[in-house]
Amino acid sequence: MLDLRLIRNEPDLVRAGLARRGEDTSVLDEVIALDAEHRSLTARRDGLRAEIRTISNQVGALHREQRADEAGALQEASRALGAEEKELDALSDALQDEITQRLLRLPNLPAAECPDGDGEADNVVVRVEGPAPDSYQPYQRVPHWEIAEQLGILDVERAVKLSGSMFVMYRGAGARLVRALCQLAIDRNVDLYEEIRPPTLVRTDTMVSTGHLPKFVDEAYHMERDDLWAIPTAEVPLTSLGRDEIAAAPDLPRRFVAHTSCFRREAGSAGKDTRGLLRVHEFDKVEILAYCTPDQAADLHAEILHRAESIIAELGFTYRLLDLCTGDIGNSAARTFDIEVYAPGADQWLEVSSVSWFSDYQARRANLRYRPEDGTGTAVLHTLNGSALAVPRVWAALVEVYRQPDGTVAVPELLQPYFRGQTTIG
RNA sequence: GGAGGGAUGGCAGAGCGGACGAAUGCGACGGUCUUGAAAACCGUUGGGCCUUCACGGGUCCCGGGGGUUCGAAUCCCCCUCCCUCCGCCA
């Protein structure tokens, strides 16, 4: 959520930021007008309340002095003011709702450094690392869904029987590979990041805090009977972990790592990436996330990015780092770097991690605050996060890259500790 | 699922229609004393919104929402959450 005071005091700055995203800024003018009206109403309402309080205190004093019979006129006057106060209060509440509804749907302002652009095509490739994409051998040019079928490590057909299309089931060494990847990602981050195992079903407020609701309802699984939402990422529960709390400055930054299942309806992408593991409704992901002061945000963004990148690099992948443009960053983000791994079999770059800085956008929604070092008042935190490892696409790229001439898949060195001596799959 | 009990400041815990944003204790912070520390004593100690260049002023918040009243932490209604017992269950 954007700061209403910023909208009020620097409307042009906010308008310019939203325009960089290609966002319609007329909502902003509505908000500004509603806010002005709201403030003048509440000022009048508060004035009435002050009068009512004064009168009531006078009535109370008369009662104490056994002069209750003199209170009638005062009570009458107060009653009249009360009626008016009630009316203004209702109007004020309605306006507040109108404002909040609009604010909740406005996206974050992009960071100054965020490259301008209209969409995916304008993202900036920061660097490309690892073996050249054209250096892969013919035996690596087999799509993972074919490799997986040959080796019996993925059972899409039966997953569809159980749950429908775009659900998958890993078997045998395939399942073990899922577990190994997750454990690797956790183990590499628990040095600094507190390991959390959060709930995967959450309340509406929790989904609103990260920006996944109300705007993206169609993307989320909802359990109507209990009014709970299945999380699309551990970012959701982790961001609400400190909700409505005030952190002490010396405790910052706070860092968390969590492995969870993630659930996505993928409503807008019917018929897209239907083969294999490129797009599924349920998957495992290890997420790292931090709360910090605005001053700490830049360093943490670099730190999280480095952690996400190094695991991909050390797994031996060809990957590229993208600086997402204003037209492609997520709704809640101010700046995002994507890591894309090259999958030689599918011959595609697969997005395996998104490392984002949300400035105070999510923190304001979640009411995440801290007490600054100088001890005066409270200030809104910043949040950042990134996928330490998202299973399906890494799994897919891995079986393609590590496929050997005999059709088996080698277990990367980094993962061997989790395979109890097993060095090949197949 | 059934039956009871509860929700007040960082914590503990009073208040049960008027002077209550809220006693008291603990904790924390500042000070006096001390070579230093402890003890003792004194003081400070929530948050939101609006307004003000500022000092300040106004208003709201005692789990959440509604109601009664001139006036609600206190009375009434609804909801949520927590605890205890019973049932069920991994």
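As an exercise: evaluate residue A:409 against (1) surrounded by fewer than 17 Cβ atoms within 10 Å (Cβ to Cβ); (2) over 27 Å from residue A:295 (Cα atoms) and give the number of the one condition it does not meet.
(1)
On the basis of being open to solvent by 70 Å² or more (accessible area, probe 1.4 Å), away from RNA strand B (no atom under 12 Å from the Cβ), outside any helix (DSSP H, G or I) and assigned by TED's automatic domain parsing to the domain that holds residue A:99, does residue A:24 make the cut?
Yes: the conditions hold for residue A:24.
Could you list, in sequence order, all residues of the range A:127-151 that are loosely packed, with under 13 Cβ neighbours inside 10 Å and in contact with a Lys or Arg (Cβ under 8 Å, 6 or more places away or on another chain)?
Of everything in the range A:127-151, just one residue is loosely packed, with under 13 Cβ neighbours inside 10 Å and in contact with a Lys or Arg (Cβ under 8 Å, 6 or more places away or on another chain), namely A:127.
Rundown of residues vs (1) of a type outside the set (Lys, Arg); (2) modelled with pLDDT under 95; (3) farther than 30 Å from residue A:363 by Cβ, yes/no style:
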{"residue": "A:7", "(1), (2), (3)": "yes, no, no"}
{"residue": "A:20", "(1), (2), (3)": "no, no, no"}
{"residue": "A:43", "(1), (2), (3)": "yes, yes, no"}
{"residue": "A:46", "(1), (2), (3)": "yes, yes, no"}
{"residue": "A:49", "(1), (2), (3)": "no, yes, yes"}
{"residue": "A:53", "(1), (2), (3)": "no, yes, yes"}
{"residue": "A:56", "(1), (2), (3)": "yes, yes, yes"}
{"residue": "A:62", "(1), (2), (3)": "yes, yes, yes"}
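Just to be sure I understand, how many residues within the range A:70-84 are within 7 Å of RNA strand B (Cβ to nearest atom) and charged (D, E, K, R)?
The number of residues fulfilling the criteria is 1.
Listed residues A:227, A:244, A:251, A:218; which is at pLDDT below 95 and under 30 Å from residue A:348 (Cβ atoms)?
A:218
Can you pull out the residues in the range A:304-324 that are among the charged types (D, E, K, R) and in contact with a helix residue (DSSP H, G or I) (Cβ under 8 Å, 6 or more places away or on another chain)?
A:314
Among the residues in the range A:39-49, are any open to solvent by 70 Å² or more (accessible area, probe 1.4 Å), within 30 Å of residue A:118 (Cβ to Cβ) and more than 8 Å from RNA strand B (Cβ to nearest atom)?
no
Looking at (1) in contact with a helix residue (DSSP H, G or I) (Cβ under 6 Å, 6 or more places away or on another chain); (2) near RNA strand B (Cβ under 8 Å from one of its atoms); (3) of a type in the set (Val, Ile, Thr), find the lone condition where residue A:31 falls short.
Among (1) in contact with a helix residue (DSSP H, G or I) (Cβ under 6 Å, 6 or more places away or on another chain); (2) near RNA strand B (Cβ under 8 Å from one of its atoms); (3) of a type in the set (Val, Ile, Thr), the lone unmet condition for residue A:31 is (2).
Could you check the range A:223-331 for strands (runs of 3 or more DSSP E) lying wholly inside it with 2 or more residues that are farther than 26 Å from residue A:115 by Cβ and open to solvent by less than 50 Å² (accessible area, probe 1.4 Å)?
Answer list for the range A:223-331: A:228-230, A:246-248, A:254-263, A:282-292.
Do we have any residue at all in the range A:95-114 that's more than 15 Å from RNA strand B (Cβ to nearest atom), surrounded by fewer than 13 Cβ atoms within 10 Å (Cβ to Cβ), touching a residue at least 12 places away in the same chain (Cβ under 8 Å) and not in a helix (DSSP H, G or I)?
Within the range A:95-114 (the criterion being more than 15 Å from RNA strand B (Cβ to nearest atom), surrounded by fewer than 13 Cβ atoms within 10 Å (Cβ to Cβ), touching a residue at least 12 places away in the same chain (Cβ under 8 Å) and not in a helix (DSSP H, G or I)), the answer is yes, since at least one residue qualifies.
Among all residue pairs at least 6 apart or on different chains, which show Cβ distances below 9 Å where the first residue, located in the range A:28-52, is within 14 Å of residue A:9 (Cα to Cα) and in a helix (DSSP H, G or I) and the second is within 8 Å of RNA strand B (Cβ to nearest atom) and hydrophobic (A, V, I, L, M, F, W, C)?
These pairs meet every condition: A:31/A:4; A:35/A:4.
Looking at the range A:197-215 only, could you name the residues that are over 19 Å from residue A:285 (Cα atoms) and open to solvent by 80 Å² or more (accessible area, probe 1.4 Å)?
Selection gives A:203, A:205.
In the range A:346-362, is there at least one residue being open to solvent by 20 Å² or more (accessible area, probe 1.4 Å) and among the polar types (S, T, N, Q)?
Scanning the range A:346-362 turns up at least one residue that is open to solvent by 20 Å² or more (accessible area, probe 1.4 Å) and among the polar types (S, T, N, Q).
Suppose the filter is within 12 Å of RNA strand B (Cβ to nearest atom) and open to solvent by 70 Å² or more (accessible area, probe 1.4 Å); does residue A:87 pass it?
yes
The values are calculated or read from the model by the stated rules, or taken from the named source; none is laboratory data. As the structure is a prediction and not an experimental result, all values here were calculated from the model. Cβ coordinates were reconstructed from backbone atoms using ideal geometry, including for glycine residues, and neighbour counts include every protein chain displayed. For the accessible areas, the whole protein counts, side chains as well, though only heavy atoms, and no ligand, DNA or RNA atoms are used. Shrake-Rupley method; radii C 1.70, N 1.55, O 1.52, S 1.80 Å.
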